[in-house]
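As structure tokens, the structure follows; a few thoughts come after it.
The values are calculated or read from the model by the stated rules, or taken from the named source; none is laboratory data. Model, not experiment: these values are computed from the prediction. As a convention, Cβ positions derive from the backbone with ideal geometry for all residues, glycine included, and neighbour counts pool all protein chains shown.
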Ligand code: SF4
């Protein structure tokens with residue numbers, strides 16, 4: 001590995017618009033544009049050297065200085081770093097729309113199954129959703145006592161409101177004809193906002209508004225590959241929902257290695273572009289893991305220059321794959337015993353509470369996770385892969401990596417670990433991969449449960465898990 005390079009002319013300075021609060025052990029930076037506040041720890045001595053002296057001289061001060069300057073570069077905190085993205089953001093805040101970005105060929109066509117209104121997570125409802133539905137005459141729906149929604153506490157003490165469901169887990173407004181009763185009586189614009197948008201998801205990034213299929217439709221992949229383009233589906237829906245706010249989390253390449261999302265979005269796009277329709281899902285997951293590892297490594301050692309991170313990632317992704325590394329299959333299998341069991345415990349908790357209604361999906365996800373753990377522990381193997389399902393997985397992986405599910409709390413490794421679990425849970429579903437896919441898509445992305453915390457805690461197991469996948 002060659003030593004990181006430094007552009008001789010580059011003289012790093014902190015951006016003048018940042019607000020700094022420096023203490024003996026703290027260096028708190030507030031970015032007024034992103035409204036992001038970050039404590040970088042005891043780096044005040046190094047920040048004081050960013051006074052116009054050349055990067056080469058700074059780096060000669062030692063590894064710690066080099067690392068701090070690189071971190072500031074990766075966080076867009078140096079003058080010039082991320083300037084094009086910040087210009088776009090300023091324009092957006094002035095009311096100029098960011099470009100619409102969709103996956104090439106992405107489509108959506110409702111298959112009319114009504115499956116989105118069964119066994120789904122019907123919320124959270126916004127205040128506007130509640131006010132709009134409360135203003136309607138709901139007497140035709142035999143809701144009985146109480147409002148049309150139920151409140152569920154969050155770990156932070158607040159509560160979210162969700163549409164009430166029947167014993168079978170269907171929305172109380174779903175009619176026997178599989179039609180939405182609110183839509184049929186009062187028009188589509190009276191439904192909760194998430195119903196109007198389903199299954200589209202909109203992610204406002206500094207590079208554009210990414211609109212994609214969240215992959216939670218029971219008819220996926222038919223619904224995701226037929227009908228009009230996602231662009232036209234979005235054109236119909238966009239006026240019905242509030243404009244999405246910018247979602248610009250920090251990307252954590254590793255503990256203590258943060259990076260601005262703008263450096264990482266091209267990595268995700270490169271990963272999406274490499275997914276092949278007919279590839280075995282395990283091969284795809286392992287390819288994605290290898291690309292992620294190369295991009296992470298490149299960013300963490302990138303040249304210190306304005307274009308350094310971009311150039312490093314580009315070179316790393318274009319380079320031939322490195323030769324095989326030692327496999328950590330046993331470690332991966334152990335992780336695939338522990339993590340699914342821990343997740344199953346979380347989902348099973350409501351099942352043991354007297355009087356608490358648990359929808360069928362809850363029982364299914366618990367059973368599927370325990371089945372995965374059993375297979376990883378040397379018990380009954382999972383059913384063989386269904387080659388007919390490969391296009392489904394290619395579509396699903398693309399949509400995930402194009403959208404916000406590419407990260408779990410800013411961690412790409414945790415997100416890729418979740419994709420591995422999606423694949424295993426789908427295989428473990430008695431009704432087959434397709435039913436299992438929607439089960440996993442709907443249940444393994446619940447930030448208000450400790451699911452994300454467990455995935456983040458297990459992210460260091462990603463490489464071993466990828467090694468273990470072929471044996472399951
Ligand atoms: S309100 Fe209508 S569209 Fe929304 S979940 Fe209920 S039945 Fe489905």
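Under the condition of being in a helix (DSSP H, G or I) and out of contact with any helix residue (DSSP H, G or I) (no Cβ under 6 Å at 6 or more places or on another chain), the residues counted in the range 296-330 number 10. Checked against (1) loosely packed, with under 15 Cβ neighbours inside 10 Å; (2) modelled with pLDDT of 95 or more, residue 388 passes all but a single condition, namely (2). Restricting the range 174-185 to residues that are more than 23 Å from residue 238 (Cα to Cα) and surrounded by 15 or more Cβ atoms within 10 Å (Cβ to Cβ), the residue that is farthest from the ligand (Cβ to nearest atom) is 175.
Could you please let me know if residue 93 is surrounded by 12 or more Cβ atoms within 10 Å (Cβ to Cβ) and away from the ligand (no atom under 16 Å from the Cβ)? Before you say what the answer is, go through the steps one by one.
Numbers: surrounded by 12 or more Cβ atoms within 10 Å (Cβ to Cβ): no; away from the ligand (no atom under 16 Å from the Cβ): yes.
No, not satisfied.
Taken over the range 12-42, the residue count meeting the criterion of being on the phi > 0 side of the Ramachandran plot and either modelled with pLDDT of 95 or more or surrounded by 15 or more Cβ atoms within 10 Å (Cβ to Cβ) (or both) is 0. Beta carbons closer than 6 Å, at least 6 apart along the sequence or on distinct chains, pair a first residue in the range 175-192 that is closer than 16 Å to residue 111 by Cβ with a second that is within 10 Å of the ligand (Cβ to nearest atom) and at pLDDT below 90 for 178/114.
In the range 30-59, what residues are in a helix (DSSP H, G or I) and more than 15 Å from residue 76 (Cα to Cα)?
Of the residues in the range 30-59, the ones in a helix (DSSP H, G or I) are 44-47, 55-59.
Result: 44, 45, 46, 55, 56, 57, 58, 59.
Just to be sure, is residue 200 touching a residue at least 60 places away in the same chain (Cβ under 8 Å), under 21 Å from the mean Cα position of the chain (by Cα) and closer than 30 Å to residue 30 by Cα? Answer is no for this residue. Looking at 112, 123, 144, just one residue is more than 14 Å from the ligand (Cβ to nearest atom) and either part of a loop (DSSP other than H, G, I, E, B) or closer than 21 Å to residue 197 by Cβ (or both), and that residue is 144. Listed conditions (1) touching a strand residue (DSSP E or B) at 6+ places or on another chain (Cβ under 7 Å); (2) closer than 22 Å to residue 116 by Cβ are all met by residue 456, apart from (2). Taking the numbered list (1) within 9 Å of the ligand (Cβ to nearest atom); (2) in contact with a strand residue (DSSP E or B) (Cβ under 7 Å, 6 or more places away or on another chain); (3) closer than 17 Å to residue 129 by Cα in turn, residue 164 passes all entries but (1).
Do we have residue 391 as free of Cβ contacts under 8 Å to residues at least 60 places away in the same chain, in contact with a helix residue (DSSP H, G or I) (Cβ under 8 Å, 6 or more places away or on another chain) and either in the same structural domain as residue 268 (by TED's automatic domain parsing) or in a helix (DSSP H, G or I) (or both) here? It is false that residue 391 is free of Cβ contacts under 8 Å to residues at least 60 places away in the same chain, in contact with a helix residue (DSSP H, G or I) (Cβ under 8 Å, 6 or more places away or on another chain) and either in the same structural domain as residue 268 (by TED's automatic domain parsing) or in a helix (DSSP H, G or I) (or both). Looking only at residues in the range 195-233 that are part of a helix (DSSP H, G or I) and touching a helix residue (DSSP H, G or I) at 6+ places or on another chain (Cβ under 6 Å), the one that is surrounded by the fewest Cβ atoms within 10 Å (Cβ to Cβ) is 196. Checking 188, 256 one by one, the residue that is more than 15 Å from residue 118 (Cβ to Cβ) and within 16 Å of the ligand (Cβ to nearest atom) is 188 and no other.
Could you please find all residues in the range 3-29 being over 16 Å from residue 76 (Cβ atoms) and under 28 Å from the mean Cα position of the chain (by Cα)? Across the range 3-29, the qualifying residue is only 28. Inspect all residues belonging to the range 7-29 and state whether any of them is under 25 Å from residue 312 (Cα atoms), assigned to a helix (DSSP H, G or I) and not assigned by TED's automatic domain parsing to the domain that holds residue 305. No, there is no match, as no residue in the range 7-29 is under 25 Å from residue 312 (Cα atoms), assigned to a helix (DSSP H, G or I) and not assigned by TED's automatic domain parsing to the domain that holds residue 305.
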